[in-house]
Amino acid sequence: MDYRDNRMAEYEKMLKDLDMAVPAELEGVWDRASAREKKHRTVMRFVKPAASIAAVFACFVLSVNFITPVAQACSKIPVLKDLAAAVDFSGSLSRAVENNYVQTIGLYQTKNGIKADIDYVIVDQKQVNIFYRLEYETGGEAGNNIERNENTELAALVEIGKDMPPHGITWGSGSDEEGKLRSVTIDFTDSDVPETIPLVIKAKERDTQTWNYAKENLAVFTFTLEIDPYYTAQGKTIEIDEKLDILGQHFTLTTVDIYPTHLQLNVESDEANTMWLKSLSFYVEAIGGGKDSKLESINGISALGSKDTPEVIAFRKESPWFYNTDNLKIFITGARLAEKDMEGIKIKVTEPDVGVISGRLPDGVRLEEISRQKHADGKPTVEIRFKTVKGSDGGSTSEIYEVFEREYLDGEEREGYMETYAGTGDSNEFTSTLILEDYDYDTATIYPCFTHCWKAEEPVEVVADATDS
Amino acid sequence: MTREEFAVRTNEIKIKLFKTAMLYLGNEHDALEAVDEAVYRGLCAVKKLRQPEYFDTWITRILINECCKIMRNQKREELPGTMPELSQEDYDRLPLKEAVSALPEELRSVIVLRFFGGFTIAETARILGVPQGTAATRQRKALGILRLALNDDNDEKEADHGLQR
């Protein structure tokens, strides 16, 4: 047998070996991917903002908007390739990475067999995105003594120093996997990002099914982040001053702020209005910005509320910062409003006659089902599920939002606080689930986040021209 | 492409994906991880697939990116430094499997996709994001290094012809 015959025999054997090597687990590849994608896509727990944001409230939106091609492009930058993968939930952050707009930090600590690394920040005048890793140590005395519970995952709660200016913290975007980059976003609402930020990372076990955190911390890490002043100087404001009437209510689009991490449209309302503005649906075109210049959504904090009223006064989109354009067209497509004197919605949660007793459900919202479960500890839980027509506020059909406030009144008119979840589902409606834990009453009074939806027949166009500013 | 279509197409190609990943990574565990990750990432990005007829090449491209990512991580965990370059005699002494593994990444990709993945030269070029002529040249070079003769002349002629047109 000559040399080439040997090679061909080897080739045929390799083909055969490959056929033999296919494992049974391959059968489950679709189920695993589907379950993982659904976990990431369909369920978003609305994270309560940190206590320090009490003066300001923030609205959260989860949009199904992975920017994979951008992330893949970024992955060509060797140092930032892991970061590129971690920011694929955000168009603005992906473009920031693509443009090398990243400050490397490189801090780490090890405690109780757990290692915390802070690798990068993406920061501008108003927002800090911190990218960090958390993992169990392998080897060593501490690493070998760790008892790991397979029903829990290594999670983190991130806080910043109590003496920091008013801010909101959003965590949960990006990966939550051990050893991979995680991110937390801190928005400074009334002031600029400070140049030094004391950061606390509390490593905790979290139940993989319920997502409940353990009370005890596995380890607490305290870091001091020194932010490069170049980054905290980045941002600009364009004057607009355009009037906008919605359902007989008068508003003024005052300014638009552009930062590398986001765009923010600021709105003022007429004092004579009978409704609060709760949400504004719009998209932005960066003129001359190229084919990707339509900015429709943003993950994480999508709007900011007033300090003094229940009104929402600032609305965010992905940033056109890296588009090399100063001129923007803003297209208003819809809104959600709430009557200032709206009343709560009283719901009967036990048989018979389960359903709405009094009050009006918001536009586009219907009650789907109420279920009652008794746990092993004997405590009953009531779940109330609503469906909301996607896009009935003129917004993207891929967006979900909070429909009900988390405060409620129980059967004895005492105030309580409930968990709310939202899921996108595959239909033209999304689901909002309200969970009343340990609830033994027949009725509950809940409060909608809005009462009316408005969808523009034609988008209202507003030009923001930086050359006039 | 709908979610259901994605599921069907994934089931059709999963064995091919696994074999491709095996050839890149050399062990079942890593290959399965790469396929899982590729299918997940594909599902997340499926709305961006404008031409469903290119699903196979598109998902394979994602898979190869995942394989490369795993290989780079493994290299990072091993010793820093560069791999020594192999001479033709070194390749001749290696069994085929190891000789394929030792090929430079851009040549190995062509061999894996063409002769183990069963992709045509046009599909291989699309997966790797290179012109067909480049894929054909890489194939010739890789086969020369491996000194493996396969009945592939027709494909190469077609590729070269396509390039001239």
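The values are calculated or read from the model by the stated rules, or taken from the named source; none is laboratory data. Keep in mind that this is a model prediction, so the values were computed, not measured. Ideal geometry is used to build each Cβ from the backbone, glycine not excepted, and the neighbour counts take in all protein chains shown.
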Problem - Tally, over region B:39-58, of residues that are modelled with pLDDT of 90 or more and either under 24 Å from B:Pro104 (Cβ atoms) or assigned by TED's automatic domain parsing to the domain that holds B:Ile111 (or both) - result: 0
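Kindly indicate the residue of region B:22-45 that is in contact (Cβ under 8 Å) with a residue 40 or more places away in the chain and assigned to a helix (DSSP H, G or I) and also nearest to A:Arg36 (Cα to Cα) among those meeting that condition.
My answer is B:Leu43.
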Exercise for the section: Within region A:20-29, identify whether any single residue is within 8 Å of chain B (Cβ to nearest Cβ) and at pLDDT below 65, and answer yes or no. Expected result: no
Exercise for the section: Give me the pairs, please: first residue somewhere in region A:272-294 and among the charged types (D, E, K, R), second residue anywhere and modelled with pLDDT of 95 or more and in a loop (DSSP other than H, G, I, E, B), beta-carbon distance under 6 Å, and either six or more positions apart or on two chains. Expected result: none
Exercise for the section: Tell me, yes or no, whether region B:56-69 has at least one residue that is of a type outside the set (A, V, I, L, M, F, W, C), crowded, with 21+ Cβ neighbours inside 10 Å, at negative phi and facing chain A (nearest Cβ under 9 Å). Expected result: no
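Within region A:412-421, how many residues turn out to be more than 13 Å from A:Glu383 (Cβ to Cβ) and at pLDDT below 85?
Going residue by residue through region A:412-421, those that are more than 13 Å from A:Glu383 (Cβ to Cβ) are A:412-417.
So of that shortlist, the ones also at pLDDT below 85 come out as none.
Number of matching residues: 0.
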Exercise for the section: Give the residues of region A:423-438 that are within 16 Å of A:Glu369 (Cα to Cα) and either at pLDDT 80 or above or within 14 Å of another protein chain (Cβ to nearest Cβ) (or both), sorted by residue number. Expected result: A:Gly425, A:Glu429, A:Phe430, A:Thr431, A:Ser432, A:Thr433, A:Leu434, A:Ile435, A:Leu436
Exercise for the section: Within region B:142-157, track down each residue that is at pLDDT 55 or above, buried (at least 16 other Cβ atoms within 10 Å of the Cβ) and assigned to a helix (DSSP H, G or I). Expected result: B:Ala142, B:Leu143, B:Ile145, B:Leu146
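Between A:Val312, A:Val382, A:Val365, which is within 25 Å of the chain's Cα centre (by Cα) and more than 30 Å from A:Thr255 (Cα to Cα)? If you could, list the steps in order and put the result at the bottom.
Values: A:Val312 fails: more than 30 Å from A:Thr255 (Cα to Cα); A:Val382 fails: within 25 Å of the chain's Cα centre (by Cα).
Only one candidate passes the filter, namely A:Val365.
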Exercise for the section: Can you confirm whether region A:347-362 contains a residue that is surrounded by fewer than 19 Cβ atoms within 10 Å (Cβ to Cβ), touching a Phe, Trp or Tyr at 6+ places or on another chain (Cβ under 7 Å) and in contact (Cβ under 8 Å) with a residue 60 or more places away in the chain? Expected result: no
Problem - Filtered residues of region A:216-256 (kept if β-branched (Val, Ile, Thr) and under 30 Å from A:Glu339 (Cα atoms)) - result: A:Ile240, A:Ile246, A:Thr252, A:Thr254, A:Thr255, A:Val256
Exercise for the section: Output yes when any residue across region A:239-253 is of a type in the set (Gly, Ala, Ser) and either in contact with a strand residue (DSSP E or B) (Cβ under 7 Å, 6 or more places away or on another chain) or crowded, with 17+ Cβ neighbours inside 10 Å (or both), and no when none is. Expected result: no
Practice task
With the condition kept exactly as written, say whether any residue in region A:366-386 is touching a Cys at 6+ places or on another chain (Cβ under 8 Å) and not small (Gly, Ala, Ser).
Solution key: no
Problem - Of all residues making up region A:98-136, the number that are over 20 Å from the mean Cα position of the chain (by Cα), more than 17 Å from A:Ser319 (Cα to Cα) and of a type in the set (Val, Ile, Thr) - result: 5
Handout entry: strands (runs of 3 or more DSSP E) lying entirely in region A:119-185 (those with 1 or more residues that are modelled with pLDDT of 85 or more and in the same structural domain as A:Tyr213 (by TED's automatic domain parsing))
Key = A:127-136, A:152-160
Fill in the blank from the handout: Sole miss for A:Glu271 among (1) assigned to a loop (DSSP other than H, G, I, E, B); (2) within 16 Å of A:Asp393 (Cβ to Cβ) is condition (2)
